[in-house]
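Enquirer: Pasting in a structure now, in structure tokens, and then I'll have a few things to ask.
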Amino acid sequence: MKIMVTIKRVIDYAVKIRVKPDKTGVVTQNVKMSMNPFCEIALEEALRIKESGLASEVIAVSMGPSQSIDTLRTGLAMGADRGIHVEANDSLYPLSVAKILKKLVEIEKPGLLILGKQMIAGLLNWPQGTFASKVVLDKEKQVVTVDREVDDGIETLSLNLPAVITTDLRLNQPRYATLPNIMKAKSKPIKKYTPEELNVEIKSDLEIVEVTEPPKRKSGVIVSSVDELIDKLKNEANVI
Amino acid sequence: MLKFISHFLKSKSNLKSTLSNSRVPISRNFCTTPIRDSIQYDVVIVGAGPAGLSAAIRLKQLCRQNDTDLSVCVLEKGAEVGAHILSGNVFEPRALNELLPQWKQQEAPITTPVSSDKFWFLTKNRAISLPSPFNNEGNYVISLSQLVRWMGAKAEELGVEIYPGFAASEILYDANNKVIGIGTNDMGISKDGSKKENFQRGVEIKGRMTLLSEGCRGSLSEQIMKKYNLREKGGAEHQTYALGIKEVWEIDEEKHQPGAVLHTLGWPLDHKTYGGSFLYHMKDRQIALGLVVALNYQNPFMNPYEEFQKLKHHPAIKPYLEGGTVIQYGARTLNEGGFQSIPYPVFPGGAIIGCSAGFLNVPKIKGTHTAMKSGMLAAEAAFGAVNEGLDMNTYWDALRNSWIWEELYKARNYRPAFKYGLIPGLALSGLEHYILKGRHPITLKHGKPDHEATNAAQLHSPIHYPKPDGILSFDVPTSLHRSNTNHEHDQPPHLRLRDPKIPELTNLPVYAAPESRYCPARVYEYVAAEQNKLKLQINAQNCLHCKACDIKDPKQNIKWTVPEGGGGPGYSVM
């Protein structure tokens, strides 16, 4: 069984994000980019399943400009067997990503699709377990048991394969890509597609009107009595 | 007892998963520490900075010229090339013109020529214009982090292998005490020393020649210089240092003059403290602003970060910043020892290049061009050594016959003159600059080493620094956030105390804890512990890798070692 994992090149989580002066988006020029931490977790889970003998191959997929190949190489260095790069220089909105992914699934026919965070199951008509904090695969019965982190606690689902799983931070601790593996990853194959070759039209059905910084957090006020607190909650914060 | 057992079992099971990851059959007997992978190269370079990348590029150029090839590996502890690079920077392209003469056509990020050169003496409220001692014609205002990124790409095009995110933590020796390469950090070790789920053993990167280009006060370079007595061998004095604290601002269009260069002396520093500020206009409405403070300051209550915040409120500086925003913040120490402090840079199996040896021209305040040239000269010697069995010591001869030597010799007395105080220093510097030009046999010696220069706290009174206003001046956490610094928090602290009792027994009572003031990242804090005593807390995660603590700690008790690769600041426009 093959496992397909999507990995996305995003602004590194430790970088201080700035909004562009023209408010059309955030500054990405000269900013450090890394693999989305959720994608790292997804890839780690796929690698563990393969290492336990339940899958034959892990395919890493990334969509975006040519620099996405660097992120793919990191995925290959972690242990993915081969990569697929769908070249797209304009922004890809989630529905376009899902449509492209659907085509790739039809070509590669994986038994499991493990993603950081991405909608796709509806288009494939596959069962899905989101916010997974534990994944147990039963290859014989072709069933995967997923523990989901939900607001009330943990929900356990049993999904027939092929299935979609998206990750929660608690799922695993991703491995480091070691230097020898990074060197080996240079010779692992990356297949390139364009959306046109996959017969997917990239139509953006969303338009970004404006991006602004969140309002600066005002400093707190220490009140001197309960009455003052009630007064402020009622008349200033308007919450009671 | 139980804790020991659970640690042992935990590490055993981690070991098992490590072994199965590397596809070693479980049935094989394992030792408690797995053997490291070993990878062999012709030349190993530690640090992807201007010196290291110049050496790498030069090596590959020599290979092409001589129709041969050498494998070159550059290791970089930052998460990407350029992430740990911070510098003023008014760039003199002399070495780059020799290395990559087509840099302009190849679109190097060197596009803003110096357009004006001002020099002010600041008092609390005024700025007195002085004749500029610099000659920056032909130089450019750049972001060194950006230039190094570009150089990294050029190096890779030539076939150099660069691996960011890997920290060289150990030197490897053969049975004859010759350096044969380096070892990278083990990754995935928890704060208490036990192995985590994702433990990965480091690797050995072996080289027939190892070049150390770790920048100022490089951790491995310092080790090597001690081991092979390179300072004595070169007849060198101790190195002296300064701490540079820098911000990049995006300012109002009308206030921006691309290529404008400004240096100041005087306020906020006193007459006993050497240092000054810089304000350089880059492109895209960005300016680089910083304060450099020599680390042989005497008053333990001095806080270089707070002095920098004060500077920004000066009536002559403030107008540039009003209406602007800070994009990045960072700090790094730099060499001020110049000619007198150059160690013998060759050791069995390798050499030291760039600021790790120390080729910064202090009166020019430029070290990039000499660092690059030293990398090129070392590459030429290394090529001869690896390819034809020639002597690596020819690097030392090449240095002494190069323009680096000539330049640093001429500049040798400016900084040492200031040990007599600000006014005598300025007077002597004026004499040197306008009349003597270094053409005389006198070579002034340095004063005390920086860490010995700190007076006991009782000789001074605490300095009151104003609170930050949040618009021009900021608190350390806010600034730190702008350095994009991060480390995996669950790892052993990389700042090691040789004697854990000295902070509370000496630093705090005698010197009033100077580390809580000179560290630009607030790594060192004294917090209330049991019995109302104060205890040192090391917030290693904040570390900017500036090395100030390694230099300035009065008892040299703090040792900076390299943390897990990939951590530290994330500079992109510094």
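The numbers here are math on the coordinates, done by the rules we state, and not lab data. From a predicted model like this one, the values you see are computed outputs, not experimental measurements. Every residue, glycine as well, gets a Cβ built from its backbone with ideal geometry; the counts of neighbours run over all protein chains shown.
Enquirer: Among B:539, B:393, B:481, whose Cα projects farthest towards the positive end of the dipole of chain B, with charges put on the beta-carbon of Lys, Arg (+1) and Asp, Glu (-1)?
Expert: It is B:539, whose Cα lies furthest towards the positive end.
Enquirer: Next question, about the same structure. Given a cut-off of 25 Å, name the pairs among B:272/B:559; A:188/B:191; B:227/B:437; B:77/B:419; A:23/A:216; B:154/B:552 whose C-alpha atoms lie farther apart than that in the structure shown.
Expert: Result: B:272/B:559; A:188/B:191; B:227/B:437; B:77/B:419; B:154/B:552 exceed 25 Å.
Enquirer: How big is D, in µm² s⁻¹, for chain B by Stokes-Einstein at 4 °C and 1.567 mPa s if Rh is the Kirkwood radius over C-alpha pairs? Before the final figure, lay out each step's value.
Expert: On the way: Rh = 24.7 Å.
The calculation lands on 53 µm²/s.
Enquirer: While we're on this one: With each label point set 7 Å from Cα along the Cα-Cβ vector, what nm distance links residue A:221 and residue B:534?
Expert: 3.6
Enquirer: Still on this structure, please answer the following. Please work out the ratio of the alpha-carbon Rg of the protein assembly as shown to 2.2 N^0.38 Å and round it to two decimals.
Expert: Numbers: Rg = 28.4 Å, N = 814, 2.2 N^0.38 = 28.1 Å.
Compared with the compact-globule rule of thumb, the protein assembly as shown sits at 1.01.
Enquirer: Out of every Cα pair in region B:512-564, what percent are spaced more than 18 Å from each other? Please list the in-between numbers first.
Expert: Values: 417 of 1378 pairs.
The share of Cα pairs beyond 18 Å in region B:512-564 comes to 30 percent.
Enquirer: Counting each pair of different Cα atoms once, what's the Kirkwood radius of region B:260-351 in Å, rounded to one decimal?
Expert: 15.6
Enquirer: Stretched out fully, how many nm does the piece from residue B:505 to residue B:106 gain, at 0.36 nm a residue minus the Cα gap?
Expert: Details: separation 399, 0.36 × 399 = 143.64 nm, distance 5.68 nm.
Here the answer is 138.0 nm.
Enquirer: If you don't mind, there's one more thing I want to ask. Using 1/(1 + (r/R0)^6) with R0 = 25 angstrom and r between the beta carbons of residue A:27 and residue A:173, what's the FRET efficiency to the nearest 0.05?
Expert: E(calc), rounded to 0.05, equals 0.25.
Enquirer: For region A:82-189, what size does the Cα cloud have along each of its three principal axes, sorted from largest down, in whole Å?
Expert: Largest first, region A:82-189 extends 42, 33, 31 Å along its Cα principal axes.
Enquirer: Multiply the residue separation of residue B:175 and residue B:66 by 0.36 nm, subtract the distance between their alpha-carbon atoms, and state the gained length in nm to one decimal.
Expert: Computed gain between residue B:175 and residue B:66 is 36.0 nm.
Enquirer: Among A:123, A:159, A:229, whose mean-square fluctuation peaks in a Gaussian network model of chain A (Cα, cutoff 10 Å)?
Expert: Ranking A:123, A:159, A:229 by mean-square fluctuation puts A:229 first.
Enquirer: Let me check I have the definition right: for region B:54-141, take the eigenvalues of the Cα gyration tensor, multiply each by 5, take square roots. What are those semi-axes in whole Å, largest first? Working shown, then result.
Expert: Values: eigenvalues 272, 62, 23 Å².
Semi-axes, largest first: 37, 18, 11 Å.
Enquirer: Could you point to the residue in B:358, B:300, B:290 farthest towards the positive end of region B:256-400's charge dipole, with +1 and -1 charges on the Cβ of Lys/Arg and Asp/Glu respectively?
Expert: It is B:290, whose Cα lies furthest towards the positive end.
Enquirer: For a quick size check, give me the Cα extents of region B:129-189 along its three principal axes, largest first, whole Å.
Expert: If we take the Cα atoms of region B:129-189, the spans are 58, 29, 29 Å.
Enquirer: Can you divide the C-alpha Rg of region B:444-497 by 2.2 N^0.38 Å and report the result to two decimal places? Intermediate results must be reported in sequence, preceding the final value.
Expert: Values: Rg = 17.8 Å, N = 54, 2.2 N^0.38 = 10.0 Å.
Cα Rg divided by the expected 2.2 N^0.38 Å: 1.78.
Enquirer: Across the Cα atoms of region A:1-119, what radius of gyration and what greatest pairwise Cα-Cα distance (Dmax) are found, in Å?
Expert: When restricted to Cα atoms, region A:1-119 yields Rg and Dmax of 14.9, 52 Å.
Enquirer: Can I ask one more? How many nm separate the modelled label positions at residue A:82 and residue A:187, each set 7 Å beyond the Cα in the direction of the Cβ?
Expert: So the two model labels end up 1.6 nm from each other.
Enquirer: Using the Cα atoms as the points, what is the convex hull volume per residue of chain A in Å³?
Expert: 188
Enquirer: Follow-up. What is the gain in length, in nm to one decimal, between residue B:409 and residue B:433 on full extension, counting 0.36 nm per residue of separation less the C-alpha to C-alpha distance?
Expert: 7.4 nm is the gain from fully extending residue B:409 to residue B:433.
Enquirer: Related question: Distance cut-off 31 Å, Cα to Cα: go down the list A:32/B:410; A:234/B:467; A:16/A:218; B:373/B:555; A:20/A:109 and report the pairs above it.
Expert: A:32/B:410; A:234/B:467; B:373/B:555; A:20/A:109
Enquirer: Per Stokes-Einstein, at 4 °C and 1.567 mPa s, what whole-number D in µm² s⁻¹ belongs to region B:328-415, with the Kirkwood radius over Cα pairs as the hydrodynamic radius?
Expert: 96
Enquirer: State the volume of the convex hull built on the alpha-carbon positions of region B:404-480, expressed per residue in Å³ and rounded to an integer.
Expert: 204
Enquirer: Between residue B:316 and residue B:559, what FRET efficiency follows from the Cβ-Cβ distance if R0 is 25 Å, with the result rounded to 0.05?
Expert: 0.05
Enquirer: Along the three principal axes, how long is region B:387-539 when you take its alpha carbons, biggest first, rounded to the nearest angstrom?
Expert: 61, 51, 38
Enquirer: Enter the mean projected area of the convex hull around the alpha-carbon atoms of region A:26-88, in nm², rounded to one decimal.
Expert: For region A:26-88, averaging the hull's shadow over all directions gives 4.6 nm².
Enquirer: Follow-up question, since we're still on this one. Quick one: of the DSSP bridges fully inside the protein assembly as shown, what percent are antiparallel, nearest 5?
Expert: Bridges in the protein assembly as shown that DSSP calls antiparallel: roughly 60 percent.
Enquirer: For chain A, what's the relative contact order in percent, using C-alpha pairs closer than 8 Å and at least 6 residues apart?
Expert: Taking the mean separation of contacting Cα pairs over the length of chain A, I get 23 percent.
Enquirer: Would you please give the FRET efficiency between residue A:107 and residue B:35, computed as 1/(1 + (r/R0)^6) with r the Cβ-Cβ distance and R0 = 35 Å, to the nearest 0.05?
Expert: 0.25
Enquirer: Let me ask something additional. Grab every C-alpha pair in region A:148-240, bin the distances at 10 angstrom width from 0 up to the longest one, and report whole percents.
Expert: Here the calculated profile for region A:148-240 is 9, 13, 17, 30, 15, 10, 6, 0.
Enquirer: For chain A, with a Gaussian network of springs between Cα atoms less than 10 Å apart, report the residue from A:90, A:227, A:152 with the top mean-square fluctuation.
Expert: Its mean-square fluctuation being the largest, the pick is A:227.
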